[in-house]
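Shown next, in structure tokens, is the structure this report addresses.
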Amino acid sequence: MIPVIIGISSGLFVILIIALLKQLDKPIVYGLILSGIGFLYVGFTWSDITALIITCAQAVFFLFIACYGIKKSLYILGAGYFLHGIWDLLYNLFPASSLIPPHYDLFCLSIDFTIGAYLLLIRYRKVKVSFIL
């Protein structure tokens, strides 16, 4: 439970810092974070070739989602965060899952879902407000 609490708190902290830095282009920052979290797995799995290939493929996949989301929509970025959270859980099914630090899956899942939910919420609010106007 502690990794989830730390993950949610960290996600909220990231959202707060990005919100306070008003001059930042928020889609680019959230896209950079999404692409970066995919590459964390590569750093954990460099000692196992099979795991390294799998994690490199997922890192490139999330890089493409981030690039596409930056250009198109916060919905895509939010979906990318949710997909990465699902990846965190599914990675436990791989034989090399012991290469990942303990409880990293729950920690990362909770950050991903927190940021993803925030992105979907702010995108939904923008659509709802513009729809009313």
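The values are calculated or read from the model by the stated rules, or taken from the named source; none is laboratory data. These figures come from a predicted structure and were not determined experimentally. Here the Cβ is made from the backbone with ideal geometry for all residues, glycine too, and neighbour counts use every protein chain on show. Areas reflect the complete protein model, heavy atoms only, side chains present, ligands, DNA and RNA absent. Shrake-Rupley method; radii C 1.70, N 1.55, O 1.52, S 1.80 Å.
Per-structure values
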item: Condition check for D112: more than 10 Å from the chain's Cα centre (by Cα), part of a helix (DSSP H, G or I) and either of a type in the set (D, E, K, R) or under 14 Å from L34 (Cα atoms) (or both); result: no
item: Qualifying positions in the range 6-58 - without any contact (Cβ under 8 Å) to a residue 60 or more places away in the chain, open to solvent by 40 Å² or more (accessible area, probe 1.4 Å) and either in contact with an Asp or Glu (Cβ under 6 Å, 6 or more places away or on another chain) or of a type in the set (V, I, T) (or both); result: I17, I28, I49, T50, I53, I54
item: Among the candidates F94, F107, F113, residue that is in contact (Cβ under 8 Å) with a residue 24 or more places away in the chain and within 18 Å of F61 (Cβ to Cβ); result: F94
